[in-house]
Amino acid sequence: MKFIQYYLDCLSHASYLIADETTRRAVVVDPQRDVAEYLADAKEMGYTIELVIETHFHADFLSGHLELAKATGAKIVYSSVAETEFESMGVADGERYSLGEVTLEFRHTPGHTPESLSIVVYQHADDEVPYGVLTGDALFIGDVGRPDLLASIGFTREELADKLYDSLHNKLMTLPDATRVYPAHGAGSACGKNLSTDLWSTIGEQKETNYALRAPDKATFMALVTEGQPPAPSYFVYDAILNRKDRALLDETKMPTAMSYEQVRKAMNAGAILVDGRGPEEFALGHLRGAINVGLDGRYAEYAGSVVPTDADIVLFTEPGQEMEAKTRLARIGFDRVIGYLDRPFEVMFDHQDDVQIASRLTARAFDQRAAELADLQIVDVRNPGEAAAGAIPNAIEIPVGQLPGRLSELDPAKPTVVYCAGGYRSSVAASLLRHNGFPDVSDILGGFGAWEESRQNA
């Protein structure tokens, strides 16, 4: 058997290629949307990809099942409970599929979503101990899938948590302790609240260490897994729905269109969003007025998807040579309305200095001075609730960055405003979003809450 785990750090996403080395038949599980790496590996090793298996309708990324099926002729597989707008094959609970010696067993494990399934992998059909189990978002390393993501489309978190408990205890924990656990996500994903940085574990280890699996009863489990979840990025429901649809395919090789300053400004005046992918430090030194800063060095797609409307055209501002990377990373969450990128961006800013804005970033000490001088200073904490609960700047208004677009009315644009996060990445996203929406006096704190807390300790 050939077993390959692919891990996409920027989305904390794991996908898999499993092949029988005798028959050269292979499957891919939970592929990312840009599928060139799977195709290249299969070609190099002489494998035929015959199935593309999805553990569920993903919410945090747009899956590459359609792209991979088009490129290979493979069938797309979901749980028999799932309904898709494209041609797919439903598999029943307990159904097996043979690649030769290598055998896959499908187990329905609803809870994170109603149609979630897990895939038990046997190196040989008659093995007593499976090689591993691909758990999708049902079971993570150190956590379980959150049951509240579909609350807006007709499922209560309580009924899904109830199903998740049964799936974990009746379908996954019944596997031998030595069975390896391979989830679809790792640390940093908003699909859970306590995901480990480890990329795999075992059933036995998770029984001993996973807080959710150690709950003594279903009621305690439901309380644990529904409490304290981070706010889901606003694009999650959009992707969960789009993953069911027959949609346009991604062309990984097509460069976005180069645009002049005049074309970009015209597009922005018509409602397009200029997304500046430089780091917060470079962005602060000078950027085109109205740009929103989401650095490519961070969780670019996730935060762009949190603050840019799904129905908006997007223009890219990047360091020259990074335009394709920015386009691809947005495409991974289904944000395909990239109409182009600003050509020769630094020459443009030099030639149009009247349209260039500098962002105010305050040291922790400068912030304290400003807070002492301005009684009406508006302080905004854009961290997640769990972070804020562990410590916050006094009198801060808590609005996680992903909720900021929908909660702007809670803030007063006339007041001088200071935004902070943990380290400075999210605060630059949020501060630029506020300026984009007409807040004239916005700063953020260099180094975020960590720098502020340290300055207080050293005072």
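The values are calculated or read from the model by the stated rules, or taken from the named source; none is laboratory data. Remember, it's a predicted structure, so these values are computed and weren't measured experimentally. Please note: Cβ atoms are built from the backbone with ideal geometry, for glycine as well, and neighbour counts cover all protein chains shown. The protein model used for the area step is the full one, side chains on, heavy atoms only, and it has no ligands, DNA or RNA in it. Shrake-Rupley method; radii C 1.70, N 1.55, O 1.52, S 1.80 Å.
Odds and ends about this structure:
- Over the stretch 257-357, relative contact order from alpha-carbon pairs under 8 Å, at least 6 apart, %: 35
- Packing-based ranking of 213-219, 67-73 yields 67-73, 213-219, ordered from highest to lowest mean Cβ neighbour count within 10 Å.
- For the stretch 361-458, the gyration tensor built on C-alpha atoms gives an oblate shape. Its axis ratio a/c (a ≥ b ≥ c) is at least 1.5, and a/b is not larger than b/c.
- Computed label-point distance, nm, for sites LEU39 and GLU87 using a 7 Å Cα→Cβ extension: 1.9
- For the stretch 183-197 and the stretch 9-24, distance of Cα centres in Å: 18
- Computed packing ranks the peptides 57-63, 328-334 as 57-63, 328-334, most packed first, by mean other Cβ atoms within 10 Å.
- 222 nm mean residue ellipticity, helices alone, for the chain (DSSP H n ≥ 4; -39,500 (n - 2.57); rounded to 500): -8000 deg cm²/dmol
- Potential extension, GLN123-GLU373 segment - 0.36 nm per residue separation minus Cα distance: 83.1 nm
- Of the solvent-accessible surface of the stretch 2-243, computed with a 1.4 Å probe over protein heavy atoms with every protein chain present, carbon and sulfur atoms account for 48 percent.
- Taking the DSSP bridge list for the stretch 2-243 and keeping only pairs wholly inside it, about 65 percent are antiparallel.
- For the stretch 1-141: rounded, prolate or oblate by the Cα gyration tensor [a/c cutoff 1.5]: rounded
- Cβ-derived FRET efficiency at R0 45 Å, SER80 paired with ASP313, nearest 0.05: 0.70
- Those residues of the stretch 427-459 whose amide nitrogen sits under 14 Å from the label point placed on ALA390, 7 Å along Cα→Cβ: 449-451, 453-454
- Extension gain from GLU325 to ASP441, taking 0.36 nm per residue of separation minus the Cα-Cα distance: 38.5 nm
- The accessible-area ordering, largest first, of the residues MET255, MET222, MET173 stands as MET255, MET222, MET173, per a 1.4 angstrom probe.
- Length-normalised contact order for the chain - Cα pairs under 8 Å, 6+ apart - percent: 12
- Around the Cα centre of the chain, unit charges on the Cβ atoms of Lys, Arg, Asp and Glu (plus for the first two, minus for the last two) sum to a dipole of about 440 debye.
- Sorted on the mean count of surrounding Cβ atoms within 10 Å across their residues, most packed first, peptides 40-49, 445-454 read 445-454, 40-49.
- Nearest-10 value in Å² for the accessible area of SER260, using the 1.4 Å probe: 50
- Remark: the stretch 179-191, residue by residue, has Karplus-estimated 3J(HN,Hα) of 5, 6, 10, 10, x, 8, 8, x, 4, x, 6, 7, 7 Hz, where x stands for each Gly or Pro and the curve is 6.51 cos²θ - 1.76 cosθ + 1.60 at θ = phi - 60°.
- Selection from PRO280, PRO309, PRO345 lying farthest towards where the dipole of the stretch 257-357 points positive, charges on Cβ: PRO309
- Modelled label reach - ILE339, point 7 Å along Cα→Cβ, the stretch 276-314 residues with backbone N closer than 17 Å: 276, 289-292, 308-314
- Residues ASN170 and THR22, FRET efficiency given R0 of 45 Å [Cβ-Cβ distance, rounded to 0.05]: 0.85
- Estimated from the Cβ-Cβ distance and a Förster radius of 30 angstrom, the FRET efficiency linking ASP297 and GLU227 is about 0.40.
- Taking the DSSP beta bridges with both ends in the chain, the antiparallel portion is around 45 percent.
- Heavy atoms of the protein chains alone define the surface here; on that basis the stretch 261-410 has 44 Å² accessible area per residue at 1.4 Å probe size.
- Using a probe of 1.4 Å on the protein chains alone, the accessible area found for PHE335 is around 10 Å².
- Residue order for HIS352, HIS436 - accessible surface, 1.4 angstrom probe, largest first: HIS436, HIS352
- Relative contact order of the stretch 139-297, taken over Cα pairs closer than 8 Å and 6 or more residues apart, is 21 percent.
- Per-residue ³J(HN,Hα) for the stretch 7-24, Karplus 6.51 cos²θ - 1.76 cosθ + 1.60, θ = phi - 60°, Hz, x for Gly and Pro: 10, 9, 4, 5, 10, 6, 10, 10, 10, 9, 10, 10, 9, 8, 6, 7, 8, 6
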